[in-house]
Ligand code: PMP
């Protein structure tokens with residue numbers, strides 16, 4: 001495949017945009033080479049500026065559950081735009097999407113819309129702190145909750161009491177309130193709680209991790225966190241920015257039958273427009289301004305175009321009783337296909353999958369936390385990535401990302417993908 005025009009555009013972009021991109025992973029830094037510049041997308045495919053077609057397994061990093069340029073979403077946005085693009089006043093549309101979201105997701109009474117997953121998670125921990133009157137939070141190494149200061153904390157080797165900033169600009173003052181635990185390690189969480197008695201407001205977690213590749217929670221892990229939160233008057237925050245409306249209509253809460261205290265949304269809930277949201281029971285949500293003292297606001301929050309896209313998306317999901325079964329079956333088919341081929345090769349690998357989230361980790365043995373995810377062979381991943389790309393399959397340009405399966409994907413597309421894996425394995 002040729003990427004001449006993408007190369008030229010990338011060069012030009014780097015003059016005026018840091019690294020040529022508005023979000024770092026897009027730059028292909030982890031895998032090398034030139035990022036492809038998207039021109040358009042439809043259904044399961046994205047087309048680049050050079051006229052190449054790719055089967056898309058990123059899907060805008062998750063939102064396109066029903067495929068690119070999904071007609072009900074596109075029509076809703078065009079229609080709304082004609083009536084004005086922002087008012088800074090309440091609209092009936094906001095109540096309509098809120099009512100639908102509250103009806104689809106278990107255990108929430110009220111929802112507040114924001115503009116990104118970052119904002120949702122940032123606001124959720126402020127609310128948890130305001131509600132409990134405590135400062136500290138527990139997050140898990142390898143989980144990503146957006147780029148607000150409290151979450152940009154890397155695992156120190158001890159990964160226990162005090163976090164250290166992994167980005168310059170995050171102060172030690174902020175970092176010390178983020179306590180790092182190992183994913184799928186309840187004992188570790190218990191130790192951290194013991195060492196910080198009555199100081200922890202909340203545990204925030206991706207109920208299925210997608211930001212260290214896909215890592216599902218082990219049996220009893222989420223239940224254990226729920227128990228620990230109850231026993232220690234801490235809130236459990238599910239960051240469902242990836243899993244919400246993707247793993248089930250009611251997200252991970254529904255799939256695992258576990259109630260979180262605050263739930264964060266992004267990606268699918270906006271149908272591809274900039275939307276995030278956080279939600280909880282009345283007793284918690286009523287602490288939020290203007291009802292309560294915890295402040296949170298946004299000029300463009302509840303933007304009519306974004307709400308129209310989100311509403312069209314949620315309505316389509318709500319109406320389609322077979323959607324999650326179809327997604328599961330397609331992803332399982334892809335899983336089996338890749339597994340069969342790699343099993344016949346010399347390549348060490350582990351495939352993690354749950355619902356329509358799947359990752360190939362180039363690591364032998366279980367991948368259940370950041371340490372095991374980071375043990376994957378990055379050289380193999382890089383070769384895999386470029387081999388797939390050159391065969392017209394677009395997966396995330398980083399081993400630390402899940403793949404997102406879209407309902408628009410056909411079995412022929414999946415067969416083409418499996419064939420590409422087979423070419424990679426041969427090479
Ligand atoms: N939480 C999770 C689980 C995410 O995957 C992401 C983004 N990938 C975020 C939060 C941040 O969302 P956004 O990029 O919309 O700010």
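Scanning region 365-374 for residues that are out of contact with any helix residue (DSSP H, G or I) (no Cβ under 6 Å at 6 or more places or on another chain) and modelled with pLDDT of 90 or more turns up 365, 366, 368, 369, 370, 371, 372, 373.
Screening residue 103 on (1) buried (at least 18 other Cβ atoms within 10 Å of the Cβ); (2) part of a helix (DSSP H, G or I) shows it passes everything except condition (1). With in contact with a helix residue (DSSP H, G or I) (Cβ under 7 Å, 6 or more places away or on another chain), modelled with pLDDT of 95 or more and farther than 21 Å from residue 69 by Cα as the only criterion, which of 289, 297, 277, 309 stands out? Answer to the check: 277.
Inspect all residues belonging to region 325-348 and state whether any of them is in contact with a strand residue (DSSP E or B) (Cβ under 7 Å, 6 or more places away or on another chain) and without any contact (Cβ under 8 Å) to a residue 60 or more places away in the chain. Yes, that holds for at least one residue.
Which residue is farthest from residue 182 (Cα to Cα), if the candidates are limited to region 229-239 and must be touching a residue at least 40 places away in the same chain (Cβ under 8 Å) and out of contact with any helix residue (DSSP H, G or I) (no Cβ under 6 Å at 6 or more places or on another chain)? Explain how you work it out, then say what you get.
Looking only at region 229-239, we keep the residues that are touching a residue at least 40 places away in the same chain (Cβ under 8 Å), and these are 233-235, 237, 239.
Add one more test, that the residue is out of contact with any helix residue (DSSP H, G or I) (no Cβ under 6 Å at 6 or more places or on another chain), and what stays is 233-234.
On the way: 233: 21, 234: 18 Å.
That would be 233.
Restricted to region 275-291, and to residues there that are away from the ligand (no atom under 16 Å from the Cβ) and surrounded by 24 or more Cβ atoms within 10 Å (Cβ to Cβ), the residue that is nearest to the chain's Cα centre (by Cα) is 280. When residue 294 is tested against (1) surrounded by 15 or more Cβ atoms within 10 Å (Cβ to Cβ); (2) under 30 Å from residue 353 (Cα atoms), just one condition goes unmet, and that condition is (2).
If you check 97, 78, 55 for being closer than 30 Å to residue 201 by Cβ and more than 16 Å from the ligand (Cβ to nearest atom), only one passes: 97.
For the condition under 30 Å from residue 328 (Cα atoms) and in contact with a helix residue (DSSP H, G or I) (Cβ under 9 Å, 6 or more places away or on another chain), what is the one hit in 190, 244, 169? Just one listed residue meets the conditions, 244. Return a yes/no flag: does region 1-10 have any residue that is surrounded by fewer than 17 Cβ atoms within 10 Å (Cβ to Cβ), free of Cβ contacts under 8 Å to residues at least 12 places away in the same chain and not assigned by TED's automatic domain parsing to the domain that holds residue 381. There is no residue in region 1-10 that is surrounded by fewer than 17 Cβ atoms within 10 Å (Cβ to Cβ), free of Cβ contacts under 8 Å to residues at least 12 places away in the same chain and not assigned by TED's automatic domain parsing to the domain that holds residue 381. Counting only strands (runs of 3 or more DSSP E) wholly contained in region 170-274, the ones carrying 3 or more residues that are modelled with pLDDT of 95 or more and within 16 Å of the ligand (Cβ to nearest atom) occupy 200-205, 235-239, 262-265. The residues on offer are 351, 395, and the sole one that is in contact with a helix residue (DSSP H, G or I) (Cβ under 8 Å, 6 or more places away or on another chain) and farther than 25 Å from residue 47 by Cβ is 351.
The values are calculated or read from the model by the stated rules, or taken from the named source; none is laboratory data. The model shown is predicted, which means the values in this text are computed figures rather than measured ones. Note: ideal-geometry Cβ built from the backbone for every residue, glycine included; neighbour counts use all protein chains shown.
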